[in-house]
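Contents: one structure, followed by commentary.
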Amino acid sequence: MKRYRAGSEKQPFPLQRPALTIRQSTAKPFAVDCGECWRLLIVPEVGKASLSATYVADAKHPERWRLWDVTHHRIERPAAIHGVEGVEVLADEWERSTGWVPDVPTRSFLRLTPTHLQWLGELSTRCACHGPEFQVLHTFLDPEGEDWPDPQKLGRLEDSQSSRHIKDVGRYVQQADGTYKQKTGCDYQGTKGLGAGIYRVRLGGQAFTCLRVMEIDGDMPDVLDVAFITRQGRTVLHRRYEENHCLPGQADMRGCDTWTEAYPDNDRIVLDGRTFVVWYERIAAFAFGLDPT
């Protein structure tokens, strides 16, 4: 499994993202079996690894997308959280200012079953409540609002999982003006029903037909996650959209009050009357024709 030397400036991605187009496809709709965590772009099994790049719109030239960081995820050993067996996901990160930083402090713990991907926990020193000398472990048992004195409010594993089998069941309905509304009053099969149309994704000379997946983040309701997944269950692209208001400290707002002001050329999605603006894009190495490990 590939390892990166601390401080090395070498990484395989272009510093400016190639042209990216995403258009609705006339291909026959399909469902996917996605064993990947499509936010980390890795299958949670021992021996697996992935490489991905994050791009953000350039402050001076919004039509250009510059490389923000590169992440190499790898899984070397199993792990258990509260007796539930899964794997530990390690990460090496590259940034322009530092080069490669091996084994960053944040570690994720995931579990893959025949039907679901389960989030078990995360160990991190990136916590605003404590200094960098603290390690904070969050797990699926954390109660909402961290209301620990009430045992009835403890989290459940089934609330920290997503279906690996995803399809479009008509949950998201596009309106005549291009906005979207979610159908209500019906069973849309939970995370199975997060599909939102078939799209053709073209990055430079590479092209992929994908199922688009959309989900409001359960922990951050101001965030809309959008992924494009191939028939083979591989995530080409993950986009993070922010609701159109300022969240101090979360991003460079460029002196603006809203995301549409700060990123006027970035794609936006209006869902149930709420406007979401894409902040960054995480793209898998294979989408560039690169070795993903």
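The values are calculated or read from the model by the stated rules, or taken from the named source; none is laboratory data. These figures come from a predicted structure and were not determined experimentally. Cβ: placed from backbone, ideal geometry, glycine included. Neighbour counts: every protein chain shown.
Looking across VAL46, VAL104, VAL32, one residue alone is free of Cβ contacts under 8 Å to residues at least 24 places away in the same chain and at negative phi. It is VAL104.
Confirm whether LEU67 is out of contact with any Gly (no Cβ under 6 Å at 6 or more places or on another chain), surrounded by 13 or more Cβ atoms within 10 Å (Cβ to Cβ) and not in a loop (DSSP other than H, G, I, E, B). Yes. Residues that are of a type in the set (A, V, I, L, M, F, W, C) and assigned to a strand (DSSP E or B) were ranked within the range 45-59; the one that is farthest from LEU90 (Cα to Cα) is ALA57. In the range 8-46, of all residues being small (Gly, Ala, Ser) and surrounded by 11 or more Cβ atoms within 10 Å (Cβ to Cβ), the one that is nearest to the chain's Cα centre (by Cα) corresponds to GLY35. Working only within the range 269-293, note down all residues that are of a type in the set (D, E, K, R), in a strand (DSSP E or B) and either under 19 Å from GLY204 (Cβ atoms) or in contact with a Ser or Thr (Cβ under 6 Å, 6 or more places away or on another chain) (or both). Residues satisfying the conditions are GLU281, ARG282.
Among GLN175, GLN182, GLN206, which is the only one that is of a type outside the set (Lys, Arg), surrounded by fewer than 17 Cβ atoms within 10 Å (Cβ to Cβ) and in contact with a Gly (Cβ under 8 Å, 6 or more places away or on another chain)?
GLN206
Test ASP159 against the stated conditions and say whether it is over 27 Å from VAL236 (Cβ atoms), at pLDDT 90 or above and surrounded by fewer than 12 Cβ atoms within 10 Å (Cβ to Cβ).
no
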